Amino acid sequence: MFINNVDQCQWIRQKFETPGIMQFTNAEKRTLLARLVRSTRFEDFLARKWSSEKRFGLEGCEVLIPALKTIIDKSSAAGIDSVIMGMPHRGRLNVLANVVRKDLDQIFCQFDPKLEAADEGSGDVKYHLGMYHERINRETDKNITLSLMANPSHLEAVDPVVQGKAKAEQFYRGDTQGKKVMSILMHGDAAFAGQGVVYETFHLSELPSYTTHGTVHVVVNNQVCYRRFGHNEMDEPMFTQPLMYKQIRRQEHVLKKYSDKLIAEGVVTLQEFEEEVAKYDKICEEAYTSSKDEKILHIRHWLDSPWPDFFTAEGEPKSMSCPPTGLDEEVLQHIGQTASSVPLEDFKIHTGVSRILRGRADLVKKRQMDWALGEYMAFGSLLKDGTHVRLSGQDVERGTFSHRHHVLHDQEVDKRFCVPMNHLWSNQAPYTVCNSSLSEYGVLGFELGFAMASPNALILWEAQFGDFHNTAQCIIDQFISPGQAKWVRNNGIVLLLPHGMEGMGPEHSSARPERFLQMSKDDPDRFPEFSGDFEVQQLYDCNWIVVNCSTPANYCHVLRRQILLPFRKPLIIFTPKSLLRHPDARSSFDDLATDTKFRRLIPDEGPASQSPGQVKRVIFCTGKVYYELAKERKQQNVESDIAIIRLEQISPFPFDLVRAEVEKYSNAELIWCQEEHKNMGYYDYVRPRFLTVVANKKPIWYVGRDPAAAPATGNKSTHLNELKRFMDTAFNLSAFQGRNF
Ligand SMILES: Cc1ncc(C[n+]2csc(CCOP(=O)(O)OP(=O)(O)O)c2C)c(N)n1
């Protein structure tokens, strides 16, 4: 590695090249030996008790444990009191046992195939679970909190997550220099060299809103050390590396070598060494015996990020209801005015921005809001109530579509900025809006980690265009969708994914709703029955919430609901592009009045709803296509014949509200209309659910683009033709006559 910073080079010289720097005192040698005993005998114990179980042991790299413990001792002495760690499979159980100090019986009972799981969800294999533990550091006598983050098999994916959580802890504690909270990342040598997310994580290190002020990286390098067994204990390395493994088998264990050396030096006696070994073996045996008393497995005991004040002592939500998400007129006015002004004096903004702010002021005067103002209302009101809001992603400060402008730039003074959102109230929570590096995998992982630190924060990641989320697919598939099922951990991260077919070509059009919906776990074939609040209970049951809001007010409501809910679920929002400026896509302040709330479904409120028995067709849709449908219906003058209903929350599916609508328009045929291609979008998700609502008695016809391989055409005229064709079908009342379903 090339370092061009002289101070850093000097530091390395002093720490590593000073004569005698590698010499230990006798006390240090004894501590090192004792830690090596634990590290080695732990693996030996597991191998003896469960000889045919995978455990990804540390044999050959046992020094990892004393090395980590030394890093933690030194850090504790330097003032660190919280260490957040991420690591792969190799030696993980050993780290849990001997560094984090997870109770051994809790680890051992994980090997018992007969124990049933106490928690809902899938759970995870023992060498992926996380852990959180507050303890006294023996060397410094100071309190220290150690947490090892749960992670999937996907090597290095946890790196940015750890960094995000470390950054969040630093942020909430006001640890601006990283003197109290630090992270340690462990890597295998092959994964470290090969996985791009390592680079993406490093790349965040110097960005102000992402830096953790330094991270200790430990590479468990079995090219330098070695791996006594194969990849896992069931593998036979001689199949492929016979000569190397012959050599390895001849290697004496490091514990034997080091104990012989210390005995020869007179630092310890043979008897002392044997007593140390016997002492630890006894601890293991006793834990093994008590592990037999465990009747049930609690993943809850393996939480890496507990939120004790948010949940009850049993880890349950404190209620199963959500208050209205509306706001006082005064609050709306105040936020609206701040959003349309420059709070600093002598601050010259760009004329284009000035025009945008004037436009906002005009809207506020009319008690109206566009998308940017709706977002302002959500963020501003949460900040008022003490909730930190953090919006991260590429170009989010300005907004990819230049609609947001949360950071104003003085046109005459270099690097003079102003964030009006931080000038709302004197005692408000801080607002963080930060342009990320050009990364999705790393940055989404980081924000997910950030959202783990506290439930009282709205953490949002915005993709530049929604389809770019697929380069962060591992974070979505491995952490966001199944995180709670695997690790009983709530997370309220919000993904803002710009989506919509605007004739912009195959890229930049689709945020791939079908992928998120396919991973939603609500049952398509069963109408859920709840005794309490349907909306909240359904949200509690789901793995994530997928919405496509058609109005700024509903967007504001859903963001506020995210924080007012008594639990946390990831929220995926398909956000608009052309609707940001569409004159019809506006809301009145009345839509955010105090007693209002998020509308999971927006019924038809026009002539069709006045005489529902006369309505011949009900078109269900979601998102931007609503405006195209409404315009066409008006032009064709069929507003009494055709009802248009917007599904704003797609998943979990609002079965109760859809049923009410279907019953209301009992003589009408049902259509699902989407602008996406048939094998994409929402159709495959909504179809079986509609059929459940109508007990399979009626079809739900499809209107939209034909199936395709690419999400959109690159040709503008094809785009418009497709639109015209499906609009014609949507309003042709005989289109489905005589068809079987
Ligand atoms: C992203 C990803 N790709 C592939 C794998 C499959 N895999 C598991 S361990 C391993 C080898 C890792 O080698 P190294 O990083 O040197 O660690 P070691 O197991 O040798 O300690 C591979 C390829 C994985 N877990 N994650």
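The values are calculated or read from the model by the stated rules, or taken from the named source; none is laboratory data. In this text, all values refer to a predicted model and were calculated from it rather than measured experimentally. Cβ atoms come from the backbone with ideal geometry, glycine included; neighbour counts cover every protein chain shown. The protein model used for the area step is the full one, side chains on, heavy atoms only, and it has no ligands, DNA or RNA in it. Shrake-Rupley method; radii C 1.70, N 1.55, O 1.52, S 1.80 Å.
Quick notes on this one:
- Protein heavy-atom accessible surface, 1.4 Å probe, per residue over the stretch 351-429: 41 Å².
- Acute angle (nearest 10 degrees) that the helix 655-664 long axis makes with the longest principal axis of the chain, alpha-carbon atoms: 10 degrees
- In this structure, Ala47 and Asp385 have a Cβ-Cβ separation that, at R0 = 45 Å, corresponds to a calculated FRET efficiency of about 0.25.
- Between Asp541 and Asp684, full extension at 0.36 nm per residue minus the direct alpha carbon distance yields a gain of 49.4 nm.
- Taking the C-alpha atoms only, the angle from helix 716-731 to the longest principal axis of the chain is near 60 degrees.
- Projecting the Cα positions of Tyr702, Val267, Leu344 onto the charge dipole of the chain (unit charges on Cβ atoms of Lys, Arg, Asp and Glu, taken about the Cα centre) puts Tyr702 furthest along the positive direction.
- For Lys179, the lysines whose Cα falls under 20 Å of its own Cα, not counting residues fewer than eight places away in the same chain, are Lys15, Lys69, Lys74, Lys142, Lys165, Lys167.
- Applying the criteria of a DSSP loop state and at most 11 other Cβ atoms within 10 Å to the GluC sites (Glu not before Pro) of the stretch 221-328 yields Glu252, Glu314.
- Neighbour-limited loop hits for GluC sites (Glu not before Pro), the stretch 109-212 (at most 10 other Cβ within 10 Å; DSSP other than H, G, I, E, B): Glu206
- Qualifying aspartates and glutamates (Cα of each under 20 Å from Cα of Lys616; at least 8 residues distant if same chain): Asp604, Glu605, Glu628, Glu632, Glu639, Asp641, Glu661, Glu663, Glu669, Asp728
- Rounded accessible area per residue of the stretch 126-237, 1.4 Å, Å²: 45 Å²
- Inter-probe distance in nm under a simple model that places probes 7 Å from Cα toward Cβ, at Arg367 and Thr145: 4.6 nm
- Annotation: amide H of Glu53 has no partner in the under-5 Å range at sequence separation 5 or more or interchain, hydrogens built in the peptide plane.
- Which of Ile619, Asn637, Ala608, positive extreme of dipole for the stretch 587-645 (C-beta unit charges): Ile619
- Straightening the chain between Val407 and Ala660 buys 86.7 nm, computed as 0.36 nm per residue apart minus the Cα-Cα spacing.
- Charge sum, other residues only, whose C-beta stays under 9 Å from Leu460's C-beta, Lys/Arg counted +1 and Asp/Glu -1: -1
- Amide H contacts for Lys597 (H built 1.01 Å from N in the peptide plane; partners 5 or more residues away or on another chain; cut-off under 5 Å): Thr325.
- Mean projected area of the Cα convex hull of the stretch 614-685, taken over all directions, amounts to 4.9 nm².
- Inter-centroid distance (Cα atoms) of the stretch 29-59 relative to the stretch 663-741, Å: 61 Å
- Descending principal axes extents, the chain, alpha-carbon based, whole Å: 99, 67, 49
- Other-chain or far-sequence residues with amide H under 5 Å of Ile645's (modelled H): Ile619, Phe620, Cys621
- Only the Cβ atoms of Lys and Arg (+1) and of Asp and Glu (-1) were treated as charged; on that basis the dipole of the stretch 305-461 about its Cα centre amounts to roughly 480 debye.
- Length gained when the stretch Thr471-Asp523 is fully extended (0.36 nm per residue, less Cα-Cα span): 15.9 nm
- Angle of helix 329-339 to the longest C-alpha principal axis of the chain, folded into 0 to 90 degrees and rounded to 10: 70°.
- Here Lys54 is the anchor, and the aspartates and glutamates within straight C-alpha reach of less than 19 Å, apart from those fewer than 8 places off in the same chain, are Glu43, Asp44, Glu62, Asp105, Asp112, Asp124, Glu233, Asp235, Glu236.
- Formal net charge of residues neighbouring Pro528 (Cβ-Cβ distance under 14 Å; K, R +1; D, E -1): -3
- Surface composition of the chain: carbon plus sulfur atoms hold 50% of the accessible area, using a 1.4 angstrom probe and ignoring ligands, DNA and RNA.
- Placing unit charges on the Cβ atoms only, positive for Lys and Arg and negative for Asp and Glu, gives the stretch 207-343 a dipole magnitude near 860 debye about its Cα centre.
- The label-point distance for Lys292 and Asp73, in a model that sets each label 7 Å from Cα toward Cβ, rounds to 3.6 nm.
- Within the stretch 15-46: backbone nitrogen closer than 18 Å to the Glu272 label point (7 Å, Cα to C-beta): 24-38
- Formal net charge of residues neighbouring Lys616 (Cβ-Cβ distance under 11 Å; K, R +1; D, E -1): -1
- Two-site FRET efficiency, Glu330 against Ser734, from Cβ-Cβ distance with R₀ of 51 Å, rounded to 0.05: 0.45
- DSSP-defined beta bridges in the stretch 44-162 - what % are antiparallel, rounded to 5: 65 percent
- Förster-model FRET efficiency, 45 Å R0, Asn232 and Ala709, C-beta, rounded to 0.05: 0.70
- Modelled spin-label separation between Lys282 and Asn667, with each label point placed 7 Å from Cα along the Cα-to-Cβ direction: 8.8 nm.
- Restricting the stretch 473-581 to trypsin sites (Lys or Arg not before Pro) that sit in a DSSP loop and have at most 16 other Cβ atoms within 10 Å of their own Cβ leaves Lys521, Arg526, Arg581.
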